[in-house]
Every structure is written in C-alpha cells, then in structure tokens.
Amino acid sequence: MSSSERSQTPADRGPGRAWERDPAIHAAAPEAGTKPMRLGYARCSTAQQELQSQLDALAEARCECDPVFSEKISTRVKVRPEFVKAVDFARTIKKAVPHRR
C-alpha cells in the first residue's frame, strides 16, 4: 500500500498508545431573547415499525417545523428523500434567519 492510500493517523494516535478522551466541548450559551428552532425527522426502516411514537416524541420536544419530515424507508437505501427535504429546509431557514440557532 502506498503512503497516499493509507489513512492519515493524527499525531496523538498510534499503535500501542492508549486511547485518551479529547477535552469536552461545551455548547455555546444561547443569545438573550432567542430560542432554538427544532426541525423534526422521523424514520422507520421496516413495515413492522411505526412512526407514531417518534412523531409523539418530536411533538413533546416542541419541534416547530410544520410538517415534521417522516418516512418509512429501508436502512439500505442511501438516499432518503424526506431527510434531504429536511436538510434543505434547515438550510433555507438558516439563510433567512442566520442569527437563530
């Protein structure tokens, strides 16, 4: 294997070195007078699973997005249309209201 085909190892990692946790990353303090906007996405991968419990949990978490994006689609499917719509919607909101979390 050539050196360009190998994945790069960070300087603090290597064979025989014990794993150490990185320093904690703390969330930024919310700006006064703003609250975060929550978008909802629920997915089930089999016909036996149901979305309603996930949708109920999103409602309890006060997701403000209407509609909440949801789909029943296999884990093996790489492109999930409703997830793509949710991400595009989030990007649209961020462009329109960049100061809002």
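Here is how the numbers come out for the structure above:
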| read-out | value |
| --- | --- |
| Single condition residue 72 does not satisfy, out of (1) within 17 Å of residue 36 (Cβ to Cβ); (2) touching a Cys at 6+ places or on another chain (Cβ under 6 Å) | (1) |
| Pairs with Cβ under 9 Å, 6+ apart, first in segment 78-101 and free of Cβ contacts under 8 Å to residues at least 24 places away in the same chain and over 18 Å from residue 63 (Cα atoms), second of a type in the set (D, E, K, R) and not in a loop (DSSP other than H, G, I, E, B) | 81/71 |
| In segment 59-71, the residues that are surrounded by 14 or more Cβ atoms within 10 Å (Cβ to Cβ) and either in contact with a Leu (Cβ under 6 Å, 6 or more places away or on another chain) or at pLDDT below 85 (or both) | 63, 65, 68, 70 |
| Residue list for segment 72-89, filter: small (Gly, Ala, Ser) and surrounded by 14 or more Cβ atoms within 10 Å (Cβ to Cβ) | 86 |
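The values are calculated or read from the model by the stated rules, or taken from the named source; none is laboratory data. Since the model is a prediction, treat every value here as computed from it, not as a measurement. No Cβ is skipped: glycine too gets one built from the backbone with ideal geometry, and neighbour counts run over all protein chains shown.
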